[in-house]
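What follows is one structure encoded as structure tokens, with my remarks underneath.
The values are calculated or read from the model by the stated rules, or taken from the named source; none is laboratory data. As the structure is a computational prediction, the values presented were derived from the model and not from experiment. All Cβ positions, even for glycine, are placed from backbone atoms using ideal geometry, and neighbour counts span all protein chains on display.
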Amino acid sequence: MNATVRPSVAAGDAGESIRLSLEQDGDFAFRIRFDDTALEPLLSDEPAPLGHDRGPNPSRLLLASIANCLSASLLFALRKHRNAPDPLRATITAATVRNADGRWRIPRAAVQIVLPGGGEDYRNLERVLAQFEQFCVVTQSVREGIDVAVTVSDGQGRVLHATGGASAGA
């Protein structure tokens with residue numbers, strides 16, 4: 001299904017406005033709704049001891065997004081050059097480490113995408129491989145950094161906390 005496209009309030013060209021809604025579903029589990037789509041909600045959860053491992057945690061979702069976006073970008077570029085590959089396979093690996101402040105972070109990830117067959121089976125493969133990463137919205141956004149504004153308000157709508165820069169959309 002196509003998401004509703006709304007003008008972006010960020011600087012630059014207007015693009016698709018993406019909105020998700022989350023609602024706590026016990027302990028550290030959240031039901032994620034993909035607003036303006038017909039997609040079924042997704043349950044995320046933290047592993048024990050915080051959560052109950054009822055769904056992927058945010059770190060796994062981030063890594064899945066990176067690998068999925070890169071794979072889809074490669075597939076798009078291959079097809080653009082009249083290639084019709086059998087299904088691609090991808091693996092992403094990362095480790096959480098503590099930063100200087102003792103907080104868990106994912107400082108790097110490694111993605112491996114496997115093309116079926118041999119490289120000689122593909123048209124314009126050198127050109128495809130030289131540019132496909134540039135079309136991956138998620139990977140390039142993570143690489144460049146995302147300005148995340150955070151607001152916490154109470155049930156009466158009073159703002160209790162606000163940080164960050166530009167608004168991410170309407």
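Side notes on the structure shown:
- Condition check for ARG123: outside any loop (DSSP other than H, G, I, E, B), on the phi < 0 side of the Ramachandran plot, of a type in the set (D, E, K, R) and out of contact with any Phe, Trp or Tyr (no Cβ under 9 Å at 6 or more places or on another chain): no
- Only one entry of ALA130, ALA100, ALA110, ALA94 meets the criterion of being in contact with a helix residue (DSSP H, G or I) (Cβ under 9 Å, 6 or more places away or on another chain) and of a type in the set (Gly, Ala, Ser), and that entry is ALA94.
- Scan of the stretch 98-138 for residues that are closer than 30 Å to SER59 by Cβ and of a type in the set (Lys, Arg), ordered by number: ARG98, ARG103, ARG105, ARG108
- Checked against the criterion of being part of a loop (DSSP other than H, G, I, E, B), under 20 Å from the mean Cα position of the chain (by Cα) and not assigned by TED's automatic domain parsing to the domain that holds GLY15, the candidates ILE113, ILE146 yield just one match: ILE146.
- Test: residue in the stretch 119-132 that is of a type in the set (Phe, Trp, Tyr), within 26 Å of ALA64 (Cα to Cα) and either surrounded by fewer than 12 Cβ atoms within 10 Å (Cβ to Cβ) or not assigned by TED's automatic domain parsing to the domain that holds LEU62 (or both): no
- Enumeration of residues in the stretch 36-45 that are over 16 Å from ALA64 (Cβ atoms) and surrounded by 13 or more Cβ atoms within 10 Å (Cβ to Cβ): ASP36, THR37, PRO41
- Filtered residue count, the stretch 42-93, keeping only those that are under 21 Å from TYR122 (Cα atoms) and outside the structural domain of VAL114 (by TED's automatic domain parsing): 0
- Checking each residue in the stretch 66-104 for being assigned to a strand (DSSP E or B) and surrounded by fewer than 13 Cβ atoms within 10 Å (Cβ to Cβ) picks out ARG89, THR91, THR93, VAL97, ARG98, TRP104.
- Every residue from the stretch 133-163 that is exposed (fewer than 13 other Cβ atoms within 10 Å of the Cβ) and aliphatic (A, V, I, L, M): ILE146, VAL148, ALA149, VAL150, VAL152, VAL159, LEU160, ALA162
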